[in-house]
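S.K.: Okay, handing you the structure first.
The values are calculated or read from the model by the stated rules, or taken from the named source; none is laboratory data. Given the structure is predicted, the values throughout are model-derived calculations rather than measurements. Note that we place each Cβ from the backbone using ideal geometry, even for glycine, and neighbour counts take in every protein chain shown.
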Amino acid sequence: MSDTPSYGFDTLQIHAGAQPDPATGARQTPIYQTTAYVFRDADHAAALFNLEEVGYIYSRLTNPTVAVLQERVATLEGGAGAVCCSSGHAAQIMALFPLMAPGRNVVASTRLYGGTLTQFSQTIKRFGWNAKFVDFEDLDAVKAAIDDDTRALFGESIANPGGYVTDIPALAEISDAAGIPLIIDNTSATPYLCRPIEMGATLVVHSMTKYLTGNGTVMGGAVVDSGKFDWSASDKFPSLSQPEPAYHGLNFHETFGALAFTFHSIAIGLRDLGMTLNPQAAHYTLMGIETLSLRMQRHCENAQKIAEWLEADPRVDYVTYAGLPSSAYHDRAARLYPKGTGGLFTVALKGGYEACVKFVGALDLFSHVANLGDTRSLVIHSASTTHRQLTPEQQEAAGAGPNVVRVSIGIEDADDLIADLDQALTKATA
């Protein structure tokens, strides 16, 4: 497919990165279930290993099925390149890996998925990295948190679980002034609703497990590189701007330019961390992306209708959906995400924790699982599960207090979902 900017999103989600198979003419992207690839000769092998020629060496690094997915995700996000990996959590480590070093820090939002908060507050310490958590609504606090050791800002476009909408353009101004990249997790919004790179983000990460695949079948992650950051503008990012010993002094920024981060993530990140996406999973995700726009439209329509119904119910304390006029994020969501604000939000019940537990247990159509972005509607009590490792203060800051339930609205008939919610609320408050 030619790189023609006139193609619309619906066309690109089907065609970007894909060509008929050159050997068989197969129109659907084949699953290249192989670990290794035959070299033409010794010189060809050496050129590949020296990064002098682009091609396939070993599927820990590159695979033709995964390569199609990488190009498709990069195209939909408006990036220069992308690297896919085994999960969303792997993608977060992959995004930080070229930027960080012992003693360096990332300034992150307090409103993040619980697993990310734990990964940043606990696990990355083992690498000698640190995280500072700040309310990203307080832009002065964000500026104050950045110091000489800060190497990135990290936030979610639509925060999990509360559905809070992040002011990406404002954060991009701060990161630009500080000379550091802005990393945005776009899992909950997807590129159909939000393109963070167009708003100034440097890198975009995804848990492709969620809306991109869309049916709860496979795990996967992605890091999309905008190609717009000047890694050589300062000495903060030596992995990208200085000679790399493992490649005989190759300088990634000088050699690969706008694709420096992407090539580093493959040649160093995947090579040494091994967070590889298997081609079978890549195939499932490619199939899911083909219907992304259609599904997101339905997710948004259903979520809006259901959030309005829940907000009007006297058994409900509040609903956090940004599509509601009562939301503090309503105007920002309308400005940044004109196509809709996704299918994720929380609902607080007047009966508190006890009512939440009964409510979750009484639902029939909604599945009680630790996932989101499925065609099926899903529900979970975040404080007991996804955010359980956090302190009560961290839970409240993330929007995951004991009195709220996270709902991920699917694409079923909205009236059927409302009926299920109604009967569960009746049982929970009896």
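S.K.: Would a scan of segment 262-285 turn up a residue that is in the same structural domain as residue 196 (by TED's automatic domain parsing), loosely packed, with under 15 Cβ neighbours inside 10 Å, modelled with pLDDT of 95 or more and within 30 Å of residue 365 (Cα to Cα)?
M.R.: Checked against the condition, which is being in the same structural domain as residue 196 (by TED's automatic domain parsing), loosely packed, with under 15 Cβ neighbours inside 10 Å, modelled with pLDDT of 95 or more and within 30 Å of residue 365 (Cα to Cα), segment 262-285 yields at least one hit.
S.K.: Just give me the residues in segment 102-114 being farther than 17 Å from residue 163 by Cβ and not in a loop (DSSP other than H, G, I, E, B), in sequence order. It would help to see each step written out before you state the result.
M.R.: The first filter runs over segment 102-114 and keeps only residues farther than 17 Å from residue 163 by Cβ, leaving 102-108.
Listed by number, the residues that qualify are 105, 106, 107, 108.
S.K.: Here's something else I'd like to know. Restricting to segment 286-318, what's the tally of residues that are surrounded by fewer than 19 Cβ atoms within 10 Å (Cβ to Cβ) and over 22 Å from residue 406 (Cα atoms)?
M.R.: 4
S.K.: If we scan segment 134-151, do we find a residue that is in contact with a Ser or Thr (Cβ under 7 Å, 6 or more places away or on another chain) and more than 23 Å from residue 224 (Cα to Cα)? Don't jump to the end; show me each part of the working.
M.R.: Kept after step one, since they are in contact with a Ser or Thr (Cβ under 7 Å, 6 or more places away or on another chain), are these residues of segment 134-151: 134-136.
Now narrow it down to the ones that are more than 23 Å from residue 224 (Cα to Cα): 134-135.
Yes, the conditions are met somewhere in segment 134-151.
S.K.: Check segment 240-251 and report whether any residue there is buried (at least 17 other Cβ atoms within 10 Å of the Cβ), among the charged types (D, E, K, R) and in a helix (DSSP H, G or I).
M.R.: No, the conditions are met nowhere in segment 240-251.
S.K.: Here's a follow-up. Of (1) within 20 Å of residue 14 (Cβ to Cβ); (2) assigned to a helix (DSSP H, G or I); (3) among the aliphatic types (A, V, I, L, M), residue 48 satisfies all except one. Which?
M.R.: It is condition (1) that residue 48 fails.
S.K.: Mind checking which helices (runs of 4 or more DSSP H) fall wholly inside segment 123-199 and carry at least 1 residues that are in contact with a Gly (Cβ under 7 Å, 6 or more places away or on another chain) and either closer than 26 Å to residue 209 by Cα or in the same structural domain as residue 82 (by TED's automatic domain parsing) (or both)? So that I can check it myself, show each step before the final result.
M.R.: Working: elements: 139-145, 168-178, 190-193.
Answer list for segment 123-199: 168-178, 190-193.
S.K.: Hey, can you tell me all the residues within segment 57-93 that are surrounded by fewer than 24 Cβ atoms within 10 Å (Cβ to Cβ) and in a loop (DSSP other than H, G, I, E, B)?
M.R.: Of everything in segment 57-93, those that are surrounded by fewer than 24 Cβ atoms within 10 Å (Cβ to Cβ) and in a loop (DSSP other than H, G, I, E, B) turn out to be 57, 59, 60, 61, 62, 78, 80, 86, 87.
S.K.: Name the one entry in 285, 255, 262 that is assigned to a helix (DSSP H, G or I) and in contact with a strand residue (DSSP E or B) (Cβ under 7 Å, 6 or more places away or on another chain).
M.R.: Values: 285 fails: in contact with a strand residue (DSSP E or B) (Cβ under 7 Å, 6 or more places away or on another chain); 255 fails: in contact with a strand residue (DSSP E or B) (Cβ under 7 Å, 6 or more places away or on another chain).
Within the list 285, 255, 262, the selection yields 262.
S.K.: Of everything in segment 257-275, what is in contact (Cβ under 8 Å) with a residue 40 or more places away in the chain and out of contact with any helix residue (DSSP H, G or I) (no Cβ under 6 Å at 6 or more places or on another chain)? Give them in sequence order.
M.R.: First, pick out the residues of segment 257-275 that are in contact (Cβ under 8 Å) with a residue 40 or more places away in the chain: 258-259, 261-271, 273-275.
Across segment 257-275, the qualifying residues are 258, 259, 261, 262, 266, 267, 268, 270, 271, 273, 274.
S.K.: A follow-up question, please. As an exercise: evaluate residue 396 against (1) at pLDDT 95 or above; (2) assigned to a helix (DSSP H, G or I) and give the number of the one condition it does not meet.
M.R.: (1)
S.K.: Exactly one of (1) under 18 Å from residue 176 (Cβ atoms); (2) out of contact with any strand residue (DSSP E or B) (no Cβ under 6 Å at 6 or more places or on another chain) is unmet by residue 268. Its number?
M.R.: In the conditions (1) under 18 Å from residue 176 (Cβ atoms); (2) out of contact with any strand residue (DSSP E or B) (no Cβ under 6 Å at 6 or more places or on another chain), residue 268 misses (1) alone.
S.K.: Quick one: in segment 323-374, which of the residues that are over 18 Å from residue 211 (Cα atoms) and of a type in the set (S, T, N, Q) is surrounded by the most Cβ atoms within 10 Å (Cβ to Cβ)?
M.R.: Among residues in segment 323-374 that are over 18 Å from residue 211 (Cα atoms) and of a type in the set (S, T, N, Q), the one surrounded by the most Cβ atoms within 10 Å (Cβ to Cβ) is 327.
S.K.: Would you check if residue 214 is crowded, with 24+ Cβ neighbours inside 10 Å and part of a loop (DSSP other than H, G, I, E, B)? Full working, then the answer.
M.R.: On the way: crowded, with 24+ Cβ neighbours inside 10 Å: yes; part of a loop (DSSP other than H, G, I, E, B): yes.
Against the criterion (crowded, with 24+ Cβ neighbours inside 10 Å and part of a loop (DSSP other than H, G, I, E, B)), residue 214 qualifies.
Yes/no per residue for (1) assigned to a helix (DSSP H, G or I); (2) more than 21 Å from the chain's Cα centre (by Cα); (3) not aromatic (Phe, Trp, Tyr):
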site: 326; (1), (2), (3): no, yes, yes
site: 332; (1), (2), (3): yes, no, yes
site: 340; (1), (2), (3): no, no, yes
site: 346; (1), (2), (3): no, no, yes
